[in-house]
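Some notes on the structure that comes next.
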Amino acid sequence: MDFRTCVNIQKEWDIVGARQFGRDFSKKLGFGIVDQARIATAISELARNIYLYAGSGKICFDEVENVGSRGICIIAIDTGPGIKDISQVMEDGYSTSGGLGAGLPGVKRLMDEFDISSKTGEGTEIRVVKWVR
Amino acid sequence: MRIPILKLHNYLLISIQIDLDDQTAIQFQEDLLNKIHQSGATGVVIDLTSVDIIDSFIAKVLGDVVTMSDLMGAKVVLTGIQPAVAVTLIDLGIHLNEVTTALDLEQGLIKLRQELEE
Ligand SMILES: Nc1ncnc2c1ncn2[C@@H]1O[C@H](COP(=O)(O)OP(=O)(O)OP(=O)(O)O)[C@@H](O)[C@H]1O
Ligand SMILES: [Mg+2]
């Protein structure tokens, strides 16, 4: 990984800032229109979750490479309350905020790789990757 | 930021031209319901041609707008959803089944007229 840029998530408007940054970044990497929209949507979901459930955190962007293919790696990090039951939050429709509960399971489908690690009281880190087709 | 709502006969027309943040989306929901109430509009077209992202929150707000407007007696049609946005909505598991959609503003108005005359 040769570079890393992070966008802080503190105010509601940062959700828009992060997804716009991610769209530009993915455009530069050569993603098509549909994948740019997928990546921007995934970032929006991750950023909103940070804002809503952790208060603040950051979203970091990396360019990744793997045997000739190029991709974008996005990491959402917060030091919020963490997630107790990960399989539960990955269910479609599960929400503690009256939302659609579409965010996390949606991000998993929007991206090619999805890893989540979380510890109660310490925070959450979600890493996603999408490869240029 | 405020999204302008135009009145045309019995219809309200809205074209969303900005990247919607949560606050603007909520404000729009409130403004539209007030406008329906004031004007007695029976139909609403929300044009999304310029919207290049709809995430789960915005989808929820739009879905709620349709349901609430319906309760107030105004039929809503969403128009101009971009192909990429349609794809991401399906990835999110959001199907907007109960929502009437049309290709563009013109088709939206035709659809409204048909549905309201039935
Ligand atoms: N960063 C986080 N820290 C703590 N809890 C989280 C975090 N992200 C998600 N959660 C928990 O996981 C649940 C599911 O998240 P998900 O994004 O799938 O749905 P939602 O945010 O509730 O609704 P939607 O995203 O559809 O608007 C949330 O309701 C919240 O309880
Ligand atoms: Mg969410």
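Within region A:73-103, restricting attention to residues that are more than 6 Å from ligand 1 (Cβ to nearest atom) and of a type in the set (A, V, I, L, M, F, W, C), the residue that is nearest to the other protein chains (Cβ to nearest Cβ) is A:Met90.
Among the residues of region B:27-42, those that are surrounded by 14 or more Cβ atoms within 10 Å (Cβ to Cβ) and more than 12 Å from the chain's Cα centre (by Cα) comprise B:Gln27, B:Asp31, B:Lys35, B:Ile36, B:Ser39, B:Ala41, B:Thr42.
Selection of first residues in region B:101-118 that are modelled with pLDDT of 95 or more and of second residues that are part of a helix (DSSP H, G or I), restricted to Cβ pairs under 7 Å at least 6 apart or on distinct chains, gives the following pairs, ordered by first then second residue: B:Ala102/B:Gly108; B:Ala102/B:Lys111. For region B:68-83, state whether one or more residues are of a type in the set (Gly, Ala, Ser), facing chain A (nearest Cβ under 9 Å) and assigned to a helix (DSSP H, G or I). No, region B:68-83 contains no residue that is of a type in the set (Gly, Ala, Ser), facing chain A (nearest Cβ under 9 Å) and assigned to a helix (DSSP H, G or I). Across region A:38-67, the number of residues qualifying as under 13 Å from A:Phe21 (Cα atoms), among the hydroxyl-bearing types (Ser, Thr, Tyr) and more than 10 Å from ligand 1 (Cβ to nearest atom) comes to 1.
Is it fair to say B:Ile3 is away from ligand 2 (no atom under 16 Å from the Cβ), part of a loop (DSSP other than H, G, I, E, B), touching a Ser or Thr at 6+ places or on another chain (Cβ under 9 Å) and at pLDDT below 95?
Judged against the criteria, B:Ile3 is not a match.
Just one residue in the set A:Val107, A:Val128 is near ligand 1 (Cβ under 9 Å from one of its atoms), under 18 Å from A:Tyr53 (Cβ atoms), of a type in the set (Val, Ile, Thr) and touching a Phe, Trp or Tyr at 6+ places or on another chain (Cβ under 7 Å); that residue is A:Val107. Considering (1) in a helix (DSSP H, G or I); (2) in contact with a Leu (Cβ under 7 Å, 6 or more places away or on another chain); (3) under 18 Å from B:Leu8 (Cβ atoms), the lone condition that B:Leu109 does not fulfil carries the number (2). All conditions but one from (1) surrounded by 17 or more Cβ atoms within 10 Å (Cβ to Cβ); (2) assigned to a helix (DSSP H, G or I) apply to A:Asp62; the one that does not is (2).
How many residues does region B:43-60 contain that are within 14 Å of the chain's Cα centre (by Cα) and buried (at least 17 other Cβ atoms within 10 Å of the Cβ)? Matching residues across region B:43-60 total 11.
The values are calculated or read from the model by the stated rules, or taken from the named source; none is laboratory data. Just so we're clear, the structure is a prediction, and the values are computed from it rather than from any experiment. Cβ sites come from the backbone with ideal geometry, for glycine too, and all protein chains shown count toward neighbours.
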